[in-house]
Each structure stands twice: as structure tokens, then as C-alpha cells.
Amino acid sequence: MKVHALFDADGKIITLVESTADETGPQVRPLAKEGQSVAELEVPTDYSDSTLLELLTLLRVEVRSGTPRLVGEQSGTSY
């Protein structure tokens, strides 16, 4: 599953919206304010059964690598 993640400079996820890129119709994605970013990211397979609400607490966006990616909040493990 792909999501649009709105996150801050530290990688804390503010909101997630499931990507509808494969479907016809309008795209829904969050709008970033100053100090925030939005990226379309793949949810790691280990978290594929989690709800969007659960993902907010389980994941964060790794921003130090130059390319945003989702990583586990507790373990720091990248996927």
C-alpha cells in the first residue's frame, strides 16, 4: 500500500492518506505548511495489516537519507 505522508522536519508523521494513484478519479493528498513536507511512500510489508491510525504511531519518515522513507518508530529499522 502506498500513502501520502505529511511530516515535519524531524520525520514525525502528522497525517497519512492512502494513495489512490492506481484508481481513476481525483487524487487526495495533504497540503504542507512551512516546515512540513509531503511524500508518497510505500508502507513496509511488516505493517500492511495496520490501519492508517496505527501507522501514525508505529512509523516515522526517515529524512536524513535524502530520499524520504518509512521506518519503524521504536526500532529505527528501515524498510
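The values are calculated or read from the model by the stated rules, or taken from the named source; none is laboratory data. Owing to the predicted nature of the structure, the values given are computational and were not obtained by experimental measurement. FYI the Cβ positions are ideal-geometry reconstructions off the backbone, even for glycines, and counts take in every protein chain you see. Calculation scope for accessible area: heavy atoms of the full protein, side chains included, ligands and nucleic acids excluded. Shrake-Rupley method; radii C 1.70, N 1.55, O 1.52, S 1.80 Å.
Out of all the residues in the stretch 2-25, which are aliphatic (A, V, I, L, M) and either closer than 17 Å to Gly66 by Cβ or surrounded by 14 or more Cβ atoms within 10 Å (Cβ to Cβ) (or both)?
The answer is Val3, Ala5, Leu6, Ala9, Ile13, Ile14, Leu16, Val17.
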So which pairs qualify, if the first residue must be in the stretch 40-61 and touching a residue at least 40 places away in the same chain (Cβ under 8 Å), the second must be of a type in the set (Lys, Arg) and assigned to a loop (DSSP other than H, G, I, E, B), the Cβ gap must be under 7 Å, and the two must be at least 6 apart or on different chains? Arg60/Lys12
May I ask you to list the residues in the stretch 26-51 that are open to solvent by less than 60 Å² (accessible area, probe 1.4 Å) and within 13 Å of Leu70 (Cβ to Cβ)? Ala39, Leu41, Val43, Pro44, Tyr47, Ser50
